[in-house]
Amino acid sequence: MRLKAIEGAKSSANISSITIPNGEEMNSLIPFMAIFGYRDQREIMERPFFSINKSRTEPINYTSPDGAVTVKVSADPEYGLATIWDADILIYLASVMCAMQRQGINDIPRKVTIRPRDLLCAIGRSTGGREYQLLAKAMDRLVATTVKTNIRSSGRREATFSWLDGWAQVVDENEMVKGITLEISNWFYEGLVLNG
């Protein structure tokens with residue numbers, strides 16, 4: 001089946017083609033949300049990586065009491081900072097990747113294609129039209145949010161990353177959305193797959 005990927009976030013005008021043979025690349029997993037390595041990444045849970053205000057655009061600057069850990073989070077004002085509700089998408093992706101590890105898949109990809117409905121159901125959201133629009137905005141925020149931290153930056157002073165390096169809608173020849181492809185940042189991937 002020949003599908004087109006419509007890029008999300010800042011490059012919404014770019015269109016490219018990808019091939020998904022019989023939909024096999026789509027991960028239709030409804031993963032076990034309670035059993036995955038993300039919960040063990042205390043650095044993410046203990047530090048203010050996400051906004052609790054849905055409309056926040058001003059940066060987050062955090063330094064631990066002992067001065068050893070720094071986290072600076074900023075975003076394009078058009079999109080705002082990624083929120084704790086947007087982090088549900090990362091938790092879902094982490095669970096999909098951990099399910100792949102449990103299945104014995106050796107090369108866990110940073111780029112995963114999933115069905116939006118599966119994602120919405122797994123994170124406890126409804127599946128109406130408005131929810132898909134909100135999901136797109138959440139993914140845009142995860143791309144537009146920039147984090148600079150010295151956590152897990154061995155051999156470097158700091159690491160700078162966005163939560164998602166990009167995302168794309170996968171559509172069929174009739175322009176019907178069949179899935180979304182999300183590419184997680186290398187920093188998050190390393191913490192999940194290499195340290196998880």
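Counting the residues of region 153-175 that are open to solvent by 60 Å² or more (accessible area, probe 1.4 Å) and farther than 28 Å from Glu78 by Cβ gives 6. Going through region 64-90 one residue at a time, which ones are surrounded by fewer than 16 Cβ atoms within 10 Å (Cβ to Cβ) and closer than 24 Å to Ala168 by Cα? Within region 64-90, Pro77, Glu78, Ile84 qualify.
Rundown of residues vs (1) under 13 Å from Ser162 (Cα atoms); (2) within 11 Å of the chain's Cα centre (by Cα), yes/no style:
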site: Ala75; (1), (2): yes, no
site: Glu78; (1), (2): no, no
site: Leu81; (1), (2): yes, no
site: Ala87; (1), (2): yes, yes
site: Ala94; (1), (2): no, yes
site: Met100; (1), (2): no, no
site: Pro109; (1), (2): no, no
site: Ile114; (1), (2): no, no
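Among the residues of region 43-63, those identified as open to solvent by less than 80 Å² (accessible area, probe 1.4 Å) and either at pLDDT below 85 or charged (D, E, K, R) (or both) are Glu43, Ile44, Arg47, Pro48, Arg56. Checked against the criterion of being over 18 Å from Val143 (Cβ atoms), modelled with pLDDT of 50 or more and touching a helix residue (DSSP H, G or I) at 6+ places or on another chain (Cβ under 7 Å), region 82-97 contains one or more residues that satisfy it.
Leu134 meets all of the listed conditions (1) closer than 24 Å to Tyr79 by Cβ; (2) modelled with pLDDT under 90 but one, namely (2). Against the test of being at pLDDT below 85 and of a type in the set (D, E, K, R), the options Arg115, Arg39 yield a single qualifying residue, Arg39.
For region 98-142, which residues satisfy the criterion of being among the charged types (D, E, K, R) and out of contact with any strand residue (DSSP E or B) (no Cβ under 9 Å at 6 or more places or on another chain)? Of everything in region 98-142, those that are among the charged types (D, E, K, R) and out of contact with any strand residue (DSSP E or B) (no Cβ under 9 Å at 6 or more places or on another chain) turn out to be Arg102, Asp107, Arg117, Arg125, Arg130, Glu131, Lys137. Set side by side, the residues Val170, Val143 differ, and just one is aliphatic (A, V, I, L, M), touching a helix residue (DSSP H, G or I) at 6+ places or on another chain (Cβ under 9 Å) and in contact (Cβ under 8 Å) with a residue 24 or more places away in the chain, which is Val143.
The values are calculated or read from the model by the stated rules, or taken from the named source; none is laboratory data. Given the structure is predicted, the values throughout are model-derived calculations rather than measurements. We place every Cβ from the backbone using ideal geometry, glycine too, and count neighbours over all the protein chains shown. Accessible surface is based on the protein model in full, side chains and every heavy atom, while ligands, DNA and RNA are left aside. Shrake-Rupley method; radii C 1.70, N 1.55, O 1.52, S 1.80 Å.
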